[in-house]
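Take a look at the structure below.
The values are calculated or read from the model by the stated rules, or taken from the named source; none is laboratory data. This is a predicted model, so every value here is computed, not measured. As a convention, Cβ positions derive from the backbone with ideal geometry for all residues, glycine included, and neighbour counts pool all protein chains shown. Keep in mind that these areas ignore ligands, DNA and RNA; they rest on the heavy atoms of the full protein, side chains included. Shrake-Rupley method; radii C 1.70, N 1.55, O 1.52, S 1.80 Å.
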6 protein chains.
Amino acid sequence: MATAYITRRERFSSAHRLFKPELSDNENYELFGDCSHPNWHGHNYELFVTVKGAVNPELGYVINLKKVSTIIRKHVISKLDHRNVNIDVDFMSGVLATTENLAIYIWKELEPRLHELSVELHCIKIKETENNFVEYYGE
Amino acid sequence: MATAYITRRERFSSAHRLFKPELSDNENYELFGDCSHPNWHGHNYELFVTVKGAVNPELGYVINLKKVSTIIRKHVISKLDHRNVNIDVDFMSGVLATTENLAIYIWKELEPRLHELSVELHCIKIKETENNFVEYYGE
Amino acid sequence: MATAYITRRERFSSAHRLFKPELSDNENYELFGDCSHPNWHGHNYELFVTVKGAVNPELGYVINLKKVSTIIRKHVISKLDHRNVNIDVDFMSGVLATTENLAIYIWKELEPRLHELSVELHCIKIKETENNFVEYYGE
Amino acid sequence: MATAYITRRERFSSAHRLFKPELSDNENYELFGDCSHPNWHGHNYELFVTVKGAVNPELGYVINLKKVSTIIRKHVISKLDHRNVNIDVDFMSGVLATTENLAIYIWKELEPRLHELSVELHCIKIKETENNFVEYYGE
Amino acid sequence: MATAYITRRERFSSAHRLFKPELSDNENYELFGDCSHPNWHGHNYELFVTVKGAVNPELGYVINLKKVSTIIRKHVISKLDHRNVNIDVDFMSGVLATTENLAIYIWKELEPRLHELSVELHCIKIKETENNFVEYYGE
Amino acid sequence: MATAYITRRERFSSAHRLFKPELSDNENYELFGDCSHPNWHGHNYELFVTVKGAVNPELGYVINLKKVSTIIRKHVISKLDHRNVNIDVDFMSGVLATTENLAIYIWKELEPRLHELSVELHCIKIKETENNFVEYYGE
């Protein structure tokens, strides 16, 4: 049986700020630059979820990608889109709102739920801007 | 002499919220939907500034586009990028932070400064997401 | 009051064929090339609907773009997406399934419905491929 | 000698339908959703063919990418573009027309022919829409 | 009869330099900045040719876009692609190799030839980079 | 500690030519096609630099991507942008100006400098056109 990697792109538009609450605004600016601006800023994030699995010979696909999309929207997009990453998102609570952490904690949200569908989560990729992106492979 | 339209794209990543302060959160939600989320959200905005002018026969261009870029960055991008449209931007003070108003008030900032360079501002176009954009022609 | 042009992008994936039923396959091939292949082919179409209107000074927008999107999806996308333009689409019945005609007949579907929302339809733009697109302004 | 991966993008616009002929339309709809619409639908597919090889120190390249392009166009694009994946494509005969199977069977078409050019096929990636894509590495 | 605007995108990759031969390198640098670098630089240019015409009610299109593409490739792309705009291109001889002039002189090449096909050239748009583009409407 | 891959995109617009000086123009044309045109041609290159590293639990990131960008711009972009790859670029001196070699020699420039920042260079990817790109992983 052949193994394929299938990817679903979803999008969310969120506010965020990079800062450590125990530091002053100036100290945060040293560490995080403009991204620590106290009144927030935001992005149109693009999220790419790649799952890996055997191509079912009866159905010709790894999984109906609509099922993957439904899980991503329910557990990730609905919590992030038109929200504030630092304030509103349960799975980012107490976590620095970097793109790296978004990728890691989205992995934690999706991995067990995709496992139930018998597919393996392979990669979470997040594009923050057209020039910056992060990939996380669960390790 | 030929007339050409030249366009410079610049980008800014900002937080914003659509709301009228005299209304309740629920009333704002009725009018603006998710865009009125109280804890802000944000976008990677793309700004397209189009100027119109005669092609200088000695130089072969309408204007050195770097001059246009410098003006946009100084008077618009530096105020919006990694900032909060509602709170931080002098020329948006007291104005609803819609994409339409961004286009109108960016026009007001740029039009006289481009006029000094002997080019005519033709259009301000702002892409808020890959699915939504606004054009304003100064009328 | 300022006038702005706002655009909503929607997408549909459809099969189609360019042909005149009274002609032979060869004659159709002469006129339409590969696009007349008898077993159909298809595209990911991108539809850009631009409306024009006064920017409401109380609300800062021409119209809530979600209303525009809802109308487009109900009256256009739901009929075209994952369908056959020649066979399945009531408003394309008896019409050659060219991109030009798609633009013209989508205009007919949307113009009165957008008029009811007090905005003026300005342009229907359809991208058939990354290299080919059509614009129609209702004239 | 250094090893590099080089990728050529080609495109094809095709009609297809996901269905199992032994099932009813309703049963197919259960399994494949809108993609099983009986009158076909279609896509602008993007195909990315990645080959791996040593960088020839005399010529500075792995292979002249034009040779790769010629093979892809002759054996894959000419059969798929402006055609129906289910009906017209010899190497997809009797196979469910999913993106996964397209990737697997395009691999089978290209792998031996690229091997003759002394490069190793590394990945077939197919973008079906801007939100969905599949990668296959030959395993 | 309805009027539509149809656009064909073509691409060319060329070297160029902005400079006036009667000036020194320093003087040219003052006027044109990095674009006057004496050893040339280059771009992947995107060319968008928009023609305007009545939609033929018998055929459903303004013109077979393949005919437009053939003319553009024969008279423009074949002269510019993988060439030097300043040295190799007959219709740019003695002209400053700016994007504005490319648009104006491509218009001169294409306008009479499209006129022979009974369509009206409406706009030449050239994207030099993802941030800079020029439009010319023949006036 | 989690490991993430972060990527920074930068761009440069350069002239180049593929040729071996010991061969005639005709012989070079045999080997390299249009890319060996003697008067140069050029591209808007896109450079994607991917680094790999542990996500710092105190800061939530692998490295401040601005530091990566600064190094790329100082040691690579400033030498290539608006320059001639064959003539002007010290680290490409005596090397065939292919995309493969660009990737390999940019790796050599960046790898030790990124190592000093305690991140590991993972991949250099260069897009020469929208249809052609190269990846190099340092092996």
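For the reader, a short list of remarks on this structure follows.
- When the range F:9-27 is filtered for residues that are in contact with a Lys or Arg (Cβ under 9 Å, 6 or more places away or on another chain) and either away from chain E (no Cβ under 13 Å) or part of a loop (DSSP other than H, G, I, E, B) (or both), only F:27 remains.
- Selection of the range F:96-139 for residues being closer than 15 Å to residue D:62 by Cα and β-branched (Val, Ile, Thr) yields F:98, F:99, F:104, F:126, F:134.
- Selection from the range B:86-139 of residues that are surrounded by fewer than 18 Cβ atoms within 10 Å (Cβ to Cβ), more than 8 Å from chain C (Cβ to nearest Cβ), within 26 Å of residue A:11 (Cβ to Cβ) and without any contact (Cβ under 8 Å) to a residue 24 or more places away in the chain: B:87
- Test: residue in the range A:50-72 that is within 15 Å of the chain's Cα centre (by Cα) and of a type in the set (D, E, K, R): no
- Yes/no for residue F:5 being touching a helix residue (DSSP H, G or I) at 6+ places or on another chain (Cβ under 6 Å) and more than 9 Å from chain E (Cβ to nearest Cβ): no
- Residue count, the range D:11-30 (criterion: surrounded by fewer than 17 Cβ atoms within 10 Å (Cβ to Cβ) and touching a residue at least 12 places away in the same chain (Cβ under 8 Å)): 3
- Scanning the range D:53-89 for residues that are of a type in the set (D, E, K, R) and either outside any helix (DSSP H, G or I) or over 21 Å from residue D:134 (Cα atoms) (or both) yields D:58, D:66, D:67, D:74, D:81, D:83, D:88.
- Exactly one residue out of D:53, D:42 is in contact with a Phe, Trp or Tyr (Cβ under 9 Å, 6 or more places away or on another chain), facing another protein chain (nearest Cβ under 7 Å) and open to solvent by less than 20 Å² (accessible area, probe 1.4 Å): that is D:42.
- Among the conditions (1) closer than 16 Å to residue F:20 by Cα; (2) open to solvent by less than 10 Å² (accessible area, probe 1.4 Å), the only one that residue F:72 does not satisfy is (1).
- Selection count, the range F:56-85, where residues are touching a residue at least 40 places away in the same chain (Cβ under 8 Å) and away from chain A (no Cβ under 14 Å): 8
- Positions within the range E:33-83 being in contact with a Ser or Thr (Cβ under 8 Å, 6 or more places away or on another chain) and of a type in the set (D, E, K, R), in sequence order: E:52, E:81, E:83
- The listed residue being farther than 28 Å from residue E:68 by Cβ, outside any loop (DSSP other than H, G, I, E, B), hydrophobic (A, V, I, L, M, F, W, C) and touching a Leu at 6+ places or on another chain (Cβ under 9 Å), out of C:102, C:114, C:110, C:121: C:114
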